[in-house]
1. If you take the residues in the stretch C:240-274 that are of a type in the set (Val, Ile, Thr) and surrounded by 23 or more Cβ atoms within 10 Å (Cβ to Cβ), which one is nearest to C:GLU183 (Cα to Cα)?
2. Which condition breaks for A:SER487 when tested against (1) surrounded by 24 or more Cβ atoms within 10 Å (Cβ to Cβ); (2) in contact with a Leu (Cβ under 6 Å, 6 or more places away or on another chain); (3) not aliphatic (A, V, I, L, M)?
3. Does C:ALA285 count as more than 30 Å from C:ASP29 (Cβ to Cβ), in contact (Cβ under 8 Å) with a residue 24 or more places away in the chain and either outside the structural domain of C:SER28 (by TED's automatic domain parsing) or not in a loop (DSSP other than H, G, I, E, B) (or both)?
4. Looking at A:ALA181, A:ALA87, A:ALA101, which one is modelled with pLDDT under 90, surrounded by 17 or more Cβ atoms within 10 Å (Cβ to Cβ) and over 29 Å from the mean Cα position of the chain (by Cα)?
5. Among the residues that make up the stretch B:201-209, is at least one of them within 12 Å of chain A (Cβ to nearest Cβ) and either in contact (Cβ under 8 Å) with a residue 40 or more places away in the chain or surrounded by fewer than 23 Cβ atoms within 10 Å (Cβ to Cβ) (or both)?
6. Take the conditions at negative phi and more than 13 Å from chain A (Cβ to nearest Cβ) and apply them to B:ASN82. Does it pass?
7. Checking C:GLN206 against (1) part of a loop (DSSP other than H, G, I, E, B); (2) over 23 Å from the mean Cα position of the chain (by Cα); (3) surrounded by 15 or more Cβ atoms within 10 Å (Cβ to Cβ), which test does it fail?
8. Restricting attention to the stretch C:27-52, report how many residues are within 8 Å of chain B (Cβ to nearest Cβ), within 17 Å of C:ASP85 (Cα to Cα) and small (Gly, Ala, Ser).
Amino acid sequence: MTDQTSGADLLTTADGKSLKSSLNRALRRQKIRALMLIAPLLLFILISFIAPIFDMLLRSVENQIVPDTIPRTIEALEEWDADTGEAPSEEVFAAFYTDLAIAEEYKTHTRLGSRLNYEKTGISSMFRSTGRRVGRFDTDAYTDGFTDADAAFADPAQWAAWMADDAVRASLPLTTDAYDAWALLTVEENNDIPAEEDPADFVYTALYRDLMNGNTAAAMPAVDVSAWEPVVISEQFIDANDGWADPEVWATIKTYGGTYTSGYFLNSVDLQLTPDGVETRPEDERIYITLFIRTIVLSILITGSCILLGYPIAYLLANLPLRSANVLMILVLLPFWTSLLVRTSAWKVLLQNQGVINDILVWIGIVADDNRLELINNATGTIIAMTHILLPFMILPLYSVMKTINPSYVRAAKSMGATDWTAFWRVYFPNSIPGIGAGSILVFILAIGYYITPELVGGTKGVFISNRIAYHISSSLNWGLAAALGSILLVLVLALYWLYDRLVGIDNVKLGG
Amino acid sequence: MSALPPYASTGQRAWFYSYRVICGLIFFFLIAPILVIIPLSFNAQDFFTFTPEMLRLDPEGYSLKHYQDFLTNSDWQLALSNSLKIAPIATLISVSLGTLAAIGLSQSHVPGRRAIMAIMISPMIVPLIISATGMYFFYSNPYIPTPFGKVYLPFTLTGTYAGVVLAHAALGIPFVIITVTATLVGFDKSLTRASAMMGANPVTTFFRVQMPLILPGVISGGLFAFITSFDEVVVVLFVGSAQQKTLPWQMFTGLREQISPTILAVATILVFISICLLTTLEILRRRSERLRGMSPG
Amino acid sequence: MKLTKTLLATSALTVAAGAAMAEGHMASDMTLVSWGGAYQSSQINAYSDPYLAMNDGVSIVWDESSAEAVAKLRAMAESGNITWDLVDVEAADAIRLCDEGLAMEIDHDEMLAAGDDGSSASDDFGDSIISDCFIPQIVFSTTVGYRTDMVGDTAPESICAIFDTDAYPGKRALNKRPLANMEWALLCDGVAKDEIYDVLATEEGQDQAFAKLDTIKDDVIWWTAAAETPQLLADGEIVMGSTYNGRLFAAIAEQDQPIGMLWDAQMLDFDGWVIPADLPEDRLARVMDFVSFATDTQRLADQAAYISYGPARASSAPLVGTHATLGIEMAPHMPTDPANSQNVFVTQYDFWADYRDDLDAKFQAWLAQ
């Protein structure tokens, strides 16, 4: 080893440098030049494509909306144990009252309701109906109590002065927290000056709770609140919607209170997170596993029919003289170039019950007029239309592999007495298998991500997981679940891509012969 | 395969013809939707239906009104002009960056070649719905990820031409990479060495020696990229807004809100354009083979 | 500390808002969002063309994205880049947008024109103002059309014909969402009309509705675009299907298709404009100018000359005339015409606003099974 190295060092180029370092330098220069050529595109793809994909995948675990909207409730719920089977304490309801009153002003409570509804149906309507009521809770009794006891409590400027006083802030933690949130809200949402506006009921309620907890501020007029008739906040909530008495609702809120969640991923495989751990979802809500399986099964069927239809065509093209093969190749490429939407609509016209194909079959007499074939709005429609759309992706790689099969192999087999069939099956076909592999993986990868065609011809039984992703993005607005489903699909596709690269090598894909 | 030998047996003869029939049927399957579109685009009614008048070949059943609608309707005209603006620019970006990168990748000793290739091909592999939604969120509020957090850029790309062009350029790149790389595989490196030896600098070598030879690959990749942008609906629906509506966008909303055969008229026009493009490709291919000295077949 | 900052910020914000108000010039471009098709053309003919004729230098772009309005507005709000100026949505979406703060609350009397008969805007629109953000345009209904040549001798007269596959064999087209389908299912399962929403609010009631829908699940083609039903009827693919009454009118009156209207238990609904929240002042000024013009008494009545939807203003009703090209009287084709509205089902928006998420999730899961 050492000898060899020193031997190489001894060789020098014309300018006196060692051959090894000179070669190394040349190699490095070559590498840098190659990377310089690649860099602009790599940067472009990273920014315009890879970054957006990662950004989307992150949404599948994000859950900021819950802790951002009801931070006090989440904190208070930490004390509560879901296993007791009882609704949380009045403390939690009081914290929730402050959170919800603020969220209602910011109009974020309905969105939070929608978010939690993904985990437990029914919560959305609870947030909406209670949101309308929360401004009219009986807690205004506290407000009246304070303002009646001393006029200073009705003076916004006095409130602002108290709340700017560090001593008051330190002694009344709940009031300070509520007032700050209210002041921010007043500025942000209503564009008003807090020192000129009457504080909301929830601020007075917080003050009442502070005083009941034994906290007092010297700067404020002393009020004895212990004799007041208490307003039970949990009753106020349960009165607005009796769902709040259900501990399961609170368990859901507690379970999904974190900034990040695995909930969306669990949802995408028909599981759910409960206080007792991961469980399967109720039977009537389990759909995603079925959809993933259907997507894979249909994609396999589509790939199979592409092989069946693509092989004879590729064989014909590969064995015809180049000029006529190229003319026929235009027939293969023409649908490839026709708008996907238009081809799909054309399939609708062809496949429907009163469509061209059924009409012809009835006219020939193969099927009865009152028993026409169901070719669309089901899996059959998806398979036919997608086979058509993806067929060129099978024919092209098959064709380029078949072009390389030396015709003398088949001739040799035949000269040794093989029949046409044996020569084909034992000699030609094995040589064409790499083409089948390449085409199949390409078709399969493209098929499992399809969206537009199944949407238009698939009905309910012929739709794919992509349709579900699209539905969650544009209709149900469950972007987190869409991202989780998308991530799973992406992993599946990438695994196939890796396989493709190992088997075929991505350099060997050819488009258009 | 090209012709039946005179000594073929009856069985071989039967197979030969039935094989041709099978292939004919498959070709028919490929072309059938296009054959349906063309007559329906002359429908006198506003539905995708073969009316009894059409089947009787009654001239009453046919009309050019959908073509007229395409040529006079301002929405369709906006869509057409947008498509003609967006597709060429996106193609130009994919082709120029893609060709450079393909040349870089074809050199020996590129570190991490597989990974780079995988990243560049990814727009073709990642399901469109995922790309579309990712781009939608990211382009709305683009940022540069740094180790210290996200640095948000002071502009938005959704609902702008730049955003749609950027997205379409990304989608077109794999096609350019694949076709140009395929051409470069057959490229004889001694030609560039010869050129360098005769005193040409790398730029001259590129434009005078390399470029003419890989041009067919570049053009065919460019056509693929062009069609990708020209036929792309999912991403433009998410990233674009009404001002950037392209032909497929208009077709998609047309299919959804009012099923109008104008879509078929547009498709028929596009089919004829496609035939012209494909013929161009074929002519270019033959020319390239002549240049490379291969047999014209 | 936090508080002091807040108070300081207040005065700055107030000043900035004041300055923008004072300037008060109007933007010259508007992006209007609507549903496309015949409905959008009626809006172009009745609202935007006259407006453009009166206002030189203004340009309007139409975006046919109303179906995804809620998703797109939410994403726009998230990115802080609102590209739309005025969005046409149906009532349920308007409530949702308003609830989430994605649409601007408006003062109807102050911002909209008074009726021709002197009534204030809020009186003139009356019950159609179903949300503080909603600027009503039309009354439409989800109703059923059937192939006259496929129903035999007895044309259907009751909505329950949808569920009667013995008397009316063949496929039916229904909307791929719970609204209307759930109500009809309960109605035809024997629930009294005025109890339907109470029943639907319970789990058992929802199961009952799904059980009824189960009986025809295999015979249904689910549509997502209103244009699909007329196309399917024209092709003879379905024997009957639900869609918006204006679509059926177009297929019957303008396209001469053999289609009949089944007005029984039509679901009355409203459609109107919402203004996205937080528009810049100059764009908001332009939109307000346009919307007050486009929803005045005459403009709403004009729209009815192009499509058979009833104007949302009471004062527009007497002005409804004949179809712009066919010359037929439009009043008998309106969902509110006495002959058509003998058995009307008024959609309860507050119910749907509250239960939409729940029922949507269940309905989609039911469909997928």
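The values are calculated or read from the model by the stated rules, or taken from the named source; none is laboratory data. Since we're looking at a predicted model, the values are computed, not measured. A quick note on method: Cβ atoms are made from the backbone with ideal geometry, for glycine too, and the neighbour counts reach across all protein chains shown.
1. Per the criteria, the residue is C:THR243.
2. Checking A:SER487 against (1) surrounded by 24 or more Cβ atoms within 10 Å (Cβ to Cβ); (2) in contact with a Leu (Cβ under 6 Å, 6 or more places away or on another chain); (3) not aliphatic (A, V, I, L, M), the one that fails is (1).
3. no
4. Numbers: A:ALA181 fails: modelled with pLDDT under 90; A:ALA101 fails: modelled with pLDDT under 90.
Just one listed residue meets the conditions, A:ALA87.
5. yes
6. For B:ASN82, the condition - at negative phi and more than 13 Å from chain A (Cβ to nearest Cβ) - is met.
7. Failed condition: (1).
8. Total meeting the criteria: 1.
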